[in-house]
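Working notes, structure below.
The values are calculated or read from the model by the stated rules, or taken from the named source; none is laboratory data. Keep in mind it's a predicted model, so treat the numbers as computed, not measured. Heads up, the Cβs are rebuilt from the backbone with ideal geometry, glycines too, and the neighbour counts pull from every protein chain shown.
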Protein chains: 2
Amino acid sequence: MSSSRKLVELFYDVVSPYSWLGFEVLCRYRTIWNLDLKLRPAFLGGVMNASGNRPPAVIPNKAVYMITDLNRLAQYFHIPLHQPGNPFEVMFEKGSLPAMRFLTAVAEKDTSGGDTVVEKVSRELWNRIWSTDQDITQPASFSEAGLKAGLSASEVEELINLAKSQPIKDRLKSTTQEAINYQAFGFPLIVCHVDGKPEVFFGSDRFELLAHCIGEKWLGPQPEKPFSKM
Amino acid sequence: MSSSRKLVELFYDVVSPYSWLGFEVLCRYRTIWNLDLKLRPAFLGGVMNASGNRPPAVIPNKAVYMITDLNRLAQYFHIPLHQPGNPFEVMFEKGSLPAMRFLTAVAEKDTSGGDTVVEKVSRELWNRIWSTDQDITQPASFSEAGLKAGLSASEVEELINLAKSQPIKDRLKSTTQEAINYQAFGFPLIVCHVDGKPEVFFGSDRFELLAHCIGEKWLGPQPEKPFSKM
């Protein structure tokens, strides 16, 4: 196994449950595979529009399958994912644009060097939408998620205001455009930089292959601490 | 690991390259996991129609991704898959109805007890369409595939005639309908019968999860002999 740090970018949107799986797996493997993991919150709606793709759930049989598939994967990967009461409303009517702008503001102010704050706030937002069936469209929701992630009340307020600014809107657009430039048609999109060349993986079901591409070994779900509290 | 034989059905169409991956993996794991593997040749076009699904390749970015993805998977799984010169013509214009009727006739006459002949002929058809870019719509093509699979000239002729009969057309429809009843929206569709309950998996990227569901362990690609000649 190589000892050099491997640059891996994860483009994701918290509206996407498969992105949550990909996010947790890559966070768990950050140390195991010695990854320089860059979290790239982006807007799935923009990617779907640009690529002309349709959400899988518009095909009834796919929607039915997704429920079973997500439940099995969540159990196998020890991720506390539970279907919201009305997934269609959550995914297609409410959407994630304000949430992803908020996360982009978090990314803008995250000076941890390892996307630590972005990681924590992303997880709290996923916990809301894909575990406890709570809103992720209102400022009060961002506030709760931010506080749970360890931010102070004043930091959260500043981020909520920042999220409405043009530079943050532009930054989210630009990150989304980067994913589109990698020919994204959905999320998660994982870009591994191998010998200076990007290897692009779509979805949360290519980790064994991804490991092979970066000269590492897939060791299965590797459950970790973050969810012991669940 | 359990010692009881596990009934697993694989619904597939030779027009589908991901089905080839699933087919080879399950054939390789037949002994390792003690599977009672039932090969169920069916018609993908019927499943797509019934479910209202569209082929992934109609989204340009998906088509581009599929090429990379299939190449990487084929290499990793040691399957001699190569893109045909004109995949769109092969998949959408020429199609696989006569080929799947021929395979259904093979299944009808396969008295090996372990789908041995169906397995060999399926592999030869996949080799034609997804490896050496040869036709799979004409009787001469079925004849070549059948002979390569070890059938005699007279057996092949009988099967080509049988493939045109109403009972074989009906059998293919009925197998396709079984897949639709499992809420298929594409192939491969893998149905594991676990404690009398069907666990349905779509695609060729859930083997680790499938292993977990049937109480077995995923051991990676497990390359085998069939392709040493390639």
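Below is a table of values for the structure above.
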item	result
The range B:41-66: number of residues that are within 17 Å of A:Tyr65 (Cα to Cα) and among the hydrophobic types (A, V, I, L, M, F, W, C)	3
Residue list for the range B:179-218, restricted to those being in contact with a strand residue (DSSP E or B) (Cβ under 9 Å, 6 or more places away or on another chain) and of a type in the set (A, V, I, L, M)	B:Ala179, B:Ala184, B:Leu189, B:Ile190, B:Val191, B:Val194, B:Val200, B:Leu209, B:Leu210, B:Ile214
Search result, residues across the range A:164-181 that are within 20 Å of A:Glu199 (Cβ to Cβ) and more than 17 Å from the chain's Cα centre (by Cα)	A:Asn181
Lone unmet requirement of (1) within 14 Å of chain B (Cβ to nearest Cβ); (2) at pLDDT 95 or above for A:Glu108	(1)
Top-ranked residue in the range B:72-102 [being part of a helix (DSSP H, G or I) and free of Cβ contacts under 8 Å to residues at least 40 places away in the same chain; ranked as farthest from B:Leu159 (Cα to Cα)]	B:Arg72
So B:Lys169, is it modelled with pLDDT under 95 and away from chain A (no Cβ under 13 Å)	no
The lone exception for A:Glu178 - which of (1) under 19 Å from A:Phe11 (Cβ atoms); (2) among the acidic types (Asp, Glu); (3) without any contact (Cβ under 8 Å) to a residue 40 or more places away in the chain it fails	(3)
Any hit, the range A:136-146, residues being assigned to a strand (DSSP E or B), under 16 Å from the mean Cα position of the chain (by Cα) and either away from chain B (no Cβ under 14 Å) or surrounded by 17 or more Cβ atoms within 10 Å (Cβ to Cβ) (or both)	no
Every pair of residues 6+ apart whose Cβ atoms lie under 6 Å, when the first sits in the range B:206-224 and is farther than 17 Å from B:Ile190 by Cα and in a loop (DSSP other than H, G, I, E, B) while the second is at pLDDT 95 or above and among the basic types (Lys, Arg)	B:Gln222/B:Arg28; B:Glu224/B:Arg28
Condition met for B:Phe207 (crowded, with 19+ Cβ neighbours inside 10 Å and either of a type in the set (S, T, N, Q) or more than 11 Å from every other protein chain (Cβ to nearest Cβ) (or both))	no
Top-ranked residue of the range A:52-81 - restricted to ones that are of a type in the set (Gly, Ala, Ser) and within 19 Å of the chain's Cα centre (by Cα), ranked as modelled with the highest pLDDT	A:Ala74
